[in-house]
Amino acid sequence: MGKETMNVELAVVGGGPAGLAVAAKAASYGVQVTVFDENERPGGQLFKQIHKFFGSKEHQAGIRGHDIGYSLLSQCEEFGVKTMLNTVVWGIEKNMLGIQNNGRTYTIKTKKTIIATGASENPLCFPGWTLSGVMGAGAAQTMMNVHRVQPGQKALMVGSGNVGLIVSYQLLLAGIKVAAIVEALPKIGGYMVHAAKIRRTGVPILTSATICEARGENEVEEAVIASIDEKGNVMEGTQRVLPVDLICIAVGLRPLAELCWMAGCKFMFLPVLGDHVPIHDENMRSTVKDIYVAGDVAGIEEASTAMEEGRLAGIAVAEELGYLGSEEADEKKNLARKRLESLRLGPFGDTRAEAKRKLTESEVNR
Amino acid sequence: MKDRLKSTPGAWVISREILEASPGYPSKEELKRKPVIVIECPEEIPCDPCETICPRGAIVVGEPITNLPRIDQDKCNACGLCIPICPGLAIFLVDNTYSEKEATVSFPYEYYPLPKEGDEVNAVNREGEIACKAKVLKVRDPKSHDHTSVITIVIPKEYSNQVRGIELQQKVDKNE
Amino acid sequence: MKVFDATDVVVIGGGAVGCSIAYHLAKEGIDVILFERGNLASGASGRCGGMVVQLYGRELNIDKTRKRLNLTQLNTHRLLELQDKIGDFEYKQIGSFDIAVSEEEWNSLKKLVEIQHKLGDNEIELLDEKQTREIMPIFGDRTVFGSRYRPSDGNLNPFKLTYLLARAAKKHGAVICTNNKIEEIIEDNGKVIGVRSCIGKTKAKWVVNATNAWASQLTKEVEIIPVREIAMITEALPELRSCPFEARFEGEFAYGTTQTKDGNLLIGGPGLPTGEPGNYNYYDEFIRLSETKRCAEYLCGFFPSLRHVNVIRSWAGTMAFTPDGVPFIGPIPNKEGLLVVAGFADGMADAAAVGELITEYITQVKFISIPMEIFDPGRPCPKIEWPHPYVHETLHEFLAKKYNNLELANKRINQI
Amino acid sequence: MRIFYHPILGKLEEKRKITLEVDGKKIAAYEGEPIAAALLAAGIRVLRMSPKREEPRGVFCAIGRCTDCVMIVDGQPNVRTCVTPARDGMKIQTQKGLGKWAKKL
């Protein structure tokens, strides 16, 4: 327990897409920003997104996630954003952060804090789920796309949301065979185009199907899958044994909002956005003074929205700190909000847009 | 080959009718008449790089961004710039005028290793089933494609409406 | 909803104490419904350290202390029996310390133990520094003058205790209804006739308010002082030969540690003052950075080797005190059918016995012989004068006084 | 198995090679990569045995949240190998149960 104290104008907790976007934006107006991240390198989960992003030109559509990551990093560098890596933020209180770096504890005094801690994957329990070789789809993605290591040779994907579909595709890119994708619902959860490109390789997508069991001595050696009826019960006689050594679980994400809870933010339960989500206003400000949220911690969406939310928060903070006039800030914020809106259109975006509206229009904000 | 797992029918497949009814899909006449861009994008997702990249303004998404891309076949000269930019890998180029009996299909491909020009490969349909033999005509992988190669294969004309790719060139364990 | 229409006894509060009451009543064939506003053990039971310390604090009011001890000693026996009956809740009698960290404290502790021995509490031991360190080798160099040690104290898993009690209660026919807040205890002419919750009214002959720190919100007649406590838990460690212990910190209420069966070390102590004065803000269950830091720093002084151990979680909870420090257990005067069970600083040290005591009262069948009078919620409760009852700083001062009051101590000693 | 060639990420970048000692055996690794990645590349997938039932566990979340991948690193148990960078000469042991602490507690 050290007694060292540092002063930071804007502290950004989490150096993923949202955090870096906030940092770059706020710093571009002159705010002194420090980003804290637990990992050896910044970028969060952005560097494992090696696919081209959807969206429009302003959202950097058609550009691969990791390239967006590099450009964000260089922007941060250009504007003099400081980063503290291998640093855990373990506590928060008003305008104070508790951090741990290299076994030492420090206190950080901040004027504004952005919590952009992202999300974690939901687990799924079935017999054998603790075996080595059963892992989150994002974990497999990290291993192959960031660390360049194959997490297995032959995989079963559980879940057909965009994460399940994209990671299945990336497994194929990394030279890993995909035995099947199983989805408990009668319809796939992700985009049709993602499913289509996987289907072109012959990987079967089995809907109304589930994993029953993972088997193996120490590691996964085979998976048992089966069809399920409308009530979710396994239909006898439909069980199949697949020889796989990797089972990826892609059954959704939930916000990593511990720091928001600790800070005393008010929450709203919104299953569409992953779970309990910190209530925030249309400037991404939480219900606690001087604390902002951005990205998946403020509701599970995807990296493009995370970055747009980050930019919005960055502008709002720069305004609050007096680096931007209110007129100019309003204009910029409106543009950012427009870009966000356009990412929340269509049958996939509507429910999220509605949930986000509930958050920003919550009475607690007033 | 043991009995392979069959994908659940209807679970993901976009029926030919839906595809053909979508505004990015060319008409039968156009398909016959000239090389055409085929956009297989029947879901309203917020995405428009195909519109942005088209130098002739032939692809229009417009506002809102979730509109399905529509293509003006008269403006389109089938340059194929939209194929590698599509994040969904959903744009193809079909040329039924290649020769009397043969057509070409160009499609995006990101797997390793790439086939070589002149290779004999298996062409696959949207379900990954082998449809016919094909010959690789062109493999284009310039830097601007950002690792999405565009491969053109020559196939018998009657398959030009179903072939949308080739079998992966990875060594596949035939026992499974 | 028929099942909730009427019953013999309604128990409010699903902590260890409430579940124990439901279990003991159901076992005697009495119809009982337990209502809990959150989940079982979501209040103080699930946030405590699970320490079963039979005599916390250094209260020198010997009469009260002795009577309290009767109850907690009985509880210790009953916990052992319960563990055979309802399942393993990891209760282990591993002893507990009360440590003196100053010369002054050491002297008062010596006197206290002497008196306790005179009163027949032969179990309590006075250990000098060397003996203390022998039993608990992980103490660092911080001055430890000596300790008061009770070998039969111990710890348990409060979640398991609560849930096992609830399960056993259900087995005997009790109904457990969680996530249902009781809005009101309904009275008619000085007689309690039931409760009202969001699912409707439930008629009952008896209502037991076992909400501890929240008791005065439903029963205005009792005054409960809620005290915010914080806790932290470390990663699982090998057996530290670490007894539960308490030690005062700069005149404040005690900090303590205890190791769970899985090896995690639970550490806890008083939280910092929060909220605006008069705002009833004691029920503040947010944890703050500064208080976790303070607590960790203090305990690292005792156990320097724990400096490189990771804390994996921290939280805050609410303890409850009565103005005179003795729990309220029993009927509320002029409110026929209403019983209050509240004001335990450590419910684990009372849960099993209190269940029996209440059952005994309701069934009028005596099978234990602990006089309930001293716990009478209607007793004249000597109130300490505070500027405002819910100002945190004052409470800390109050508690410090309560534990340190040498003048009162000397007076009492002279009386013996 | 390492992915030496990736169709999108290209050739594996050469980084400084280091040596880790895992349960007495030496394995090669790249400096700074997470220990868990180095072990996976060396085909080591079981990282610890659970305390109660002594069941094998491996990498699960790979972002430091689940603590399923903890091992004894240089005498310190419960080290999250998925977020701990590999350094030359590190001594890594499969953690059995709560593990043994080299430092006295």
**Request:** Kindly indicate whether A:ASN102 is away from chain D (no Cβ under 14 Å) and surrounded by fewer than 18 Cβ atoms within 10 Å (Cβ to Cβ).
**Result:** no
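Just to check your reading of the model, which residue among A:LYS52, A:LYS57 is within 14 Å of chain B (Cβ to nearest Cβ) and surrounded by fewer than 20 Cβ atoms within 10 Å (Cβ to Cβ)?
A:LYS57
Using the structure shown, decide if D:ALA37 is touching a Phe, Trp or Tyr at 6+ places or on another chain (Cβ under 9 Å), surrounded by 13 or more Cβ atoms within 10 Å (Cβ to Cβ), at the interface with another protein chain (Cβ under 10 Å from one of its Cβ atoms) and closer than 20 Å to A:ILE50 by Cα.
yes
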**Request:** Check whether at least one residue in region C:220-228 is of a type outside the set (Phe, Trp, Tyr), under 19 Å from the mean Cα position of the chain (by Cα) and over 29 Å from C:ARG313 (Cβ atoms), and report yes or no.
**Result:** yes
**Request:** Please list, ordered by first then second residue, the pairs with beta carbon atoms under 8 Å, 6 or more apart or interchain, first in region C:106-124 and at negative phi and modelled with pLDDT of 85 or more, second surrounded by fewer than 19 Cβ atoms within 10 Å (Cβ to Cβ) and hydroxyl-bearing (Ser, Thr, Tyr).
**Result:** C:GLU123/C:SER152
**Request:** Scan region A:279-325 for residues that are buried (at least 24 other Cβ atoms within 10 Å of the Cβ) and either part of a strand (DSSP E or B) or not assigned by TED's automatic domain parsing to the domain that holds A:ALA257 (or both) and jot them down.
**Result:** A:HIS280, A:SER286, A:ILE291, A:TYR292, A:VAL293
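Mind counting the residues in region D:1-20 that are of a type in the set (Val, Ile, Thr) and in contact (Cβ under 8 Å) with a residue 40 or more places away in the chain?
Residues meeting the conditions: 2.
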**Asked** Hey, any hits in region B:136-150 for a residue that's outside any strand (DSSP E or B), surrounded by 15 or more Cβ atoms within 10 Å (Cβ to Cβ) and on the phi > 0 side of the Ramachandran plot?
**Response** yes
**Request:** Give region D:47-56 a look and list any residue that's farther than 17 Å from D:THR84 by Cα and facing another protein chain (nearest Cβ under 9 Å), or say none.
**Result:** D:SER50, D:PRO51, D:LYS52, D:GLU55, D:PRO56
**Message:** Condition (residue is crowded, with 23+ Cβ neighbours inside 10 Å, β-branched (Val, Ile, Thr), away from chain D (no Cβ under 14 Å) and farther than 22 Å from B:ILE45 by Cβ) applied to region A:115-136: is it met by at least one residue?
**Reply:** yes
**Item:** Residue ranges of helices (runs of 4 or more DSSP H) in region B:15-74 with at least 2 members charged (D, E, K, R)
**Value:** B:16-21, B:28-33
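Table: residues versus (1) farther than 26 Å from C:ARG47 by Cα; (2) in contact with a Phe, Trp or Tyr (Cβ under 9 Å, 6 or more places away or on another chain); (3) not assigned by TED's automatic domain parsing to the domain that holds C:ALA254.
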{"residue": "C:GLU90", "(1), (2), (3)": "no, no, yes"}
{"residue": "C:SER102", "(1), (2), (3)": "yes, yes, no"}
{"residue": "C:LYS111", "(1), (2), (3)": "yes, no, no"}
{"residue": "C:GLY120", "(1), (2), (3)": "yes, no, no"}
**Message:** Restricting to region D:7-30, give me the number of residues that are hydrophobic (A, V, I, L, M, F, W, C) and away from chain B (no Cβ under 14 Å).
**Reply:** 6
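Hey, does region A:323-338 have a residue that's within 14 Å of chain B (Cβ to nearest Cβ) and either of a type outside the set (Asp, Glu) or over 23 Å from the mean Cα position of the chain (by Cα) (or both)?
Narrowing region A:323-338 to residues within 14 Å of chain B (Cβ to nearest Cβ): A:338.
Pick out the ones that are also either of a type outside the set (Asp, Glu) or over 23 Å from the mean Cα position of the chain (by Cα) (or both) and you get A:338.
Taking every residue of region A:323-338 in turn, at least one turns out to be within 14 Å of chain B (Cβ to nearest Cβ) and either of a type outside the set (Asp, Glu) or over 23 Å from the mean Cα position of the chain (by Cα) (or both).
Within region A:179-193, count every residue that is within 20 Å of B:ALA90 (Cβ to Cβ) and more than 7 Å from every other protein chain (Cβ to nearest Cβ).
Number of matching residues: 3.
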**Prompt:** Across region A:194-210, which residue is farthest from the other protein chains (Cβ to nearest Cβ) among those that are in a loop (DSSP other than H, G, I, E, B) and surrounded by 22 or more Cβ atoms within 10 Å (Cβ to Cβ)?
**Reply:** A:VAL203
**Complete:** Residue hits (region C:1-26; assigned to a helix (DSSP H, G or I), at pLDDT 95 or above and of a type outside the set (A, V, I, L, M)) are C:GLY18, C:CYS19, C:SER20, C:TYR23, C:HIS24
**Neighbours by Cβ (under 8 Å, 6+ apart or cross-chain): first from region B:46-68, more than 7 Å from chain A (Cβ to nearest Cβ); second part of a helix (DSSP H, G or I) and among the hydrophobic types (A, V, I, L, M, F, W, C)** = B:CYS50/B:CYS82; B:CYS50/B:ILE85; B:ILE53/B:CYS82; B:ILE53/B:ILE85; B:CYS54/B:CYS82; B:ILE59/B:CYS50; B:ILE59/B:CYS82; B:VAL61/B:CYS50
**Complete:** Given the conditions (1) surrounded by 24 or more Cβ atoms within 10 Å (Cβ to Cβ); (2) within 12 Å of chain B (Cβ to nearest Cβ), every one holds for A:LYS356 apart from (2)
**Asked** Going through region A:5-35 one residue at a time, which ones are more than 22 Å from the chain's Cα centre (by Cα) and either assigned to a loop (DSSP other than H, G, I, E, B) or surrounded by fewer than 24 Cβ atoms within 10 Å (Cβ to Cβ) (or both)?
**Response** A:THR5, A:MET6, A:ASN7, A:VAL8, A:GLU9, A:SER28, A:TYR29, A:GLY30, A:VAL31, A:GLN32
**Request:** Report, by residue number, each residue of region A:70-85 that is farther than 15 Å from A:ARG311 by Cβ and either away from chain B (no Cβ under 14 Å) or surrounded by 19 or more Cβ atoms within 10 Å (Cβ to Cβ) (or both).
**Result:** A:LEU73, A:SER74, A:GLU77, A:GLU78, A:GLY80, A:LYS82, A:THR83, A:MET84, A:LEU85
**Item:** Residues located in region A:55-92, provided they are part of a strand (DSSP E or B) and more than 22 Å from A:ILE115 (Cα to Cα)
**Value:** A:GLY55, A:ARG64
**Asked** In region D:57-98, what residues are within 21 Å of C:LEU265 (Cα to Cα), in contact (Cβ under 8 Å) with a residue 40 or more places away in the chain and within 8 Å of another protein chain (Cβ to nearest Cβ)?
**Response** D:LEU98
**Message:** For the list (1) buried (at least 20 other Cβ atoms within 10 Å of the Cβ); (2) at pLDDT below 90, I need the number of the one condition that B:SER22 fails.
**Reply:** (1)
**Hits in region C:287-306 - residues which are more than 13 Å from C:PRO270 (Cα to Cα) and either among the β-branched types (Val, Ile, Thr) or touching a helix residue (DSSP H, G or I) at 6+ places or on another chain (Cβ under 8 Å) (or both)** = C:LEU289, C:CYS300, C:LEU306
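Based on this model, can you work out whether B:LEU168 counts as on the phi < 0 side of the Ramachandran plot, in a loop (DSSP other than H, G, I, E, B), buried (at least 20 other Cβ atoms within 10 Å of the Cβ) and not assigned by TED's automatic domain parsing to the domain that holds B:GLY24?
yes
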**Asked** Only one of (1) in contact (Cβ under 8 Å) with a residue 24 or more places away in the chain; (2) more than 22 Å from B:ARG16 (Cα to Cα) fails for B:ALA123. Which number is that?
**Response** (2)
**Asked** Out of A:LEU253, A:LEU242, A:LEU259, A:LEU246, which single residue is within 30 Å of B:ALA123 (Cα to Cα) and away from chain B (no Cβ under 14 Å)?
**Response** A:LEU246
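The values are calculated or read from the model by the stated rules, or taken from the named source; none is laboratory data. Computed from a predicted structure; not experimentally measured. Note that each Cβ is placed from the backbone with ideal geometry, even for glycine, and that neighbours are counted across all protein chains shown.
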